[in-house]
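The values are calculated or read from the model by the stated rules, or taken from the named source; none is laboratory data. A quick note: this is a predicted structure, and the numbers were derived from the prediction, not measured. Cβ placement follows ideal geometry from the backbone for every residue including glycine, while neighbour counts extend to all protein chains displayed.
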Amino acid sequence: MLAVLTMKSCEFVKSAFAEYYQNLHLLNAPKNIERREFGFLSLDKRGMLRHLSFKFADELKLFLQNTVPSDAYFSCAYYEQPEAEMNEKGWLGADLIFDIDADHIPTTCNKVHDEWICGTCDFIGRGLTPEKCPVCGGQKFEVKTWPCETCLGSAKEETLKLLDILTHDFGFPEKEMHVLFSGHRGYHVHIHDETIKNADAMARKEIVDYICGLGFNIESHGFSDKEWKTRSTLKRSNLNNSGWHGRIIKRVHDLISNAKQDEYEGLGLRSDIVSVLIKNKERILKNLKSTGHLGVTKGVGFETWKKLIEFCVYSQSAKIDTVVTTDIHRLIRLTDSLHGKTGLKKVEFPISTIEDFDPFKSAIAFKDGTVAVFVSDSPLFRIGDETFGPYKAQKVELPTAAAVLLVCKGRAEVLE
């Protein structure tokens with residue numbers, strides 16, 4: 001939803017959004033559109049208009065053109081009666097949806113451009129928003145975030161891990177998986193597959209737990225104090241193993257191969273233990289590759305290996321929004337619609353191109369004109385091939401896409 005704007009700024013954004021929808025030739029409507037519920041947020045009103053349905057893509061496009069919402073959503077679920085109240089809709093199944101958002105990923109840039117204010121005591125903090133205020137324990141916050149290249153790069157890395165797990169561990173065919181930029185700070189993955197369509201919330205939670213490594217028990221994968229002493233740890237392991245077992249082996253191998261002194265110490269290892277690991281690196285790797293065992297290295301005990309393996313589990317898991325995937329009635333942002341917090345498009349792209357996908361080029365909706373704005377505070381940012389900012393309490397003439405982004409993020413106002 002948009003930040004609270006002046007009348008002039010609200011009119012500017014609505015005009016820009018209206019022009020985009022009027023010029024939208026082809027809308028990528030969801031599969032079985034007539035079975036979906038739709039919901040919309042308004043540019044100038046609070047609350048969501050929902051429990052709507054459309055029979056055709058052109059009907060939906062006409063609605064967008066006539067109402068010009070700030071945000072448009074459709075249900076991951078299929079219903080007998082999409083327009084009815086929740087208990088009367090008649091649930092027929094749901095797509096499997098994943099949301100990877102920088103809001104849930106610790107990054108080096110969080111403390112630079114993200115800020116939160118406790119709604120109870122007004123305490124101000126920076127970085128990831130906590131579950132509770134450290135001062136008063138309050139749980140409501142006003143959050144100020146920014147979609148920078150670093151956090152979007154982190155979200156892309158998590159998306160790549162997710163796609164790898166879905167493909168190799170779950171066996172979902174690539175043709176049934178759709179990857180999309182959300183229009184803000186992350187990516188969505190939609191899976192349209194009959195084998196998962198009727199899975200209930202608990203079944204989807206099992207999928208979530210696997211992907212996130214939740215409840216992971218390293219002993220069940222052949223790593224325990226007893227097995228360590230008998231050198232049977234990770235028995236029958238090799239770099240080609242599938243599932244979590246194979247992921248652990250590959251990540252341990254990669255860690256031992258490449259980690260430097262400071263990286264090991266960042267995991268909480270003592271400097272003397274780190275020195276032993278680095279000194280014996282080749283022997284440890286040889287043991288791991290040939291026998292599946294890390295070997296016994298004097299000065300490196302079971303607790304050290306346990307700590308390293310637990311780190312490997314964490315780093316191999318995908319950081320998804322668990323609530324989104326388990327919610328079988330979830331409303332998800334409509335493809336090709338604009339995001340009310342940025343003015344960027346939610347866009348789908350081929351999975352094979354994800355490495356090169358650039359949201360600050362491919363998701364731009366406004367490519368013409370300039371606008372004079374007063375920027376209260378803005379970090380350095382890029383739109384297309386141009387870089388802007390940082391700005392602090394100054395007037396500036398900006399391309400429409402850059403101006404819309406700043407206004408939607410509540411960091412600028414349109415000048416009279």
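Data table
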read-out: Residue tally, condition crowded, with 19+ Cβ neighbours inside 10 Å and not small (Gly, Ala, Ser), over the range 171-206; value: 14
read-out: Where a residue in the range 394-410 is in contact (Cβ under 8 Å) with a residue 12 or more places away in the chain and its partner, wherever it lies, is β-branched (Val, Ile, Thr) and part of a loop (DSSP other than H, G, I, E, B), with Cβ under 6 Å and at least six apart; value: 401/364; 405/342; 408/342
read-out: Helices (runs of 4 or more DSSP H) contained in the range 237-336 and holding at least 3 residues of a type in the set (Val, Ile, Thr); value: 243-258, 271-279, 302-316, 322-326
read-out: Residue satisfying condition, being outside the structural domain of residue 404 (by TED's automatic domain parsing), on the phi < 0 side of the Ramachandran plot and modelled with pLDDT of 95 or more, within set 55, 45; value: 55
read-out: Boolean, residue 63 is more than 27 Å from the chain's Cα centre (by Cα) and farther than 20 Å from residue 181 by Cβ; value: yes
read-out: Residue within the range 299-316 that is under 28 Å from the mean Cα position of the chain (by Cα), of a type in the set (Gly, Ala, Ser) and surrounded by fewer than 21 Cβ atoms within 10 Å (Cβ to Cβ) present; value: yes
read-out: Extreme residue, surrounded by the most Cβ atoms within 10 Å (Cβ to Cβ), among residues of the range 341-379 that are assigned to a strand (DSSP E or B) and without any contact (Cβ under 8 Å) to a residue 60 or more places away in the chain; value: 373
read-out: Residue count, the range 244-265 (criterion: closer than 14 Å to residue 312 by Cα, out of contact with any helix residue (DSSP H, G or I) (no Cβ under 7 Å at 6 or more places or on another chain) and at pLDDT 90 or above); value: 4
read-out: Number of the condition not met by residue 220 [criteria: (1) at pLDDT 90 or above; (2) loosely packed, with under 15 Cβ neighbours inside 10 Å; (3) among the hydroxyl-bearing types (Ser, Thr, Tyr)]; value: (1)
read-out: Counted residues, the range 1-22 - those being more than 21 Å from residue 180 (Cα to Cα) and part of a loop (DSSP other than H, G, I, E, B); value: 5
read-out: Residues within the range 117-146 that are modelled with pLDDT of 90 or more, closer than 21 Å to residue 319 by Cβ and buried (at least 18 other Cβ atoms within 10 Å of the Cβ), tallied; value: 2
read-out: Sole exception among (1) at pLDDT 90 or above; (2) of a type in the set (S, T, N, Q); (3) within 29 Å of residue 189 (Cβ to Cβ) for residue 280, by number; value: (3)
read-out: Cβ pairs under 7 Å, 6+ apart, first in the range 137-164 and more than 19 Å from residue 341 (Cβ to Cβ), second small (Gly, Ala, Ser) and not in a helix (DSSP H, G or I); value: 138/119; 158/318; 161/318; 162/318
read-out: Single residue of the range 13-47 satisfying the filter (surrounded by 16 or more Cβ atoms within 10 Å (Cβ to Cβ) and of a type in the set (Ser, Thr, Tyr)) that is nearest to residue 87 (Cα to Cα); value: 42
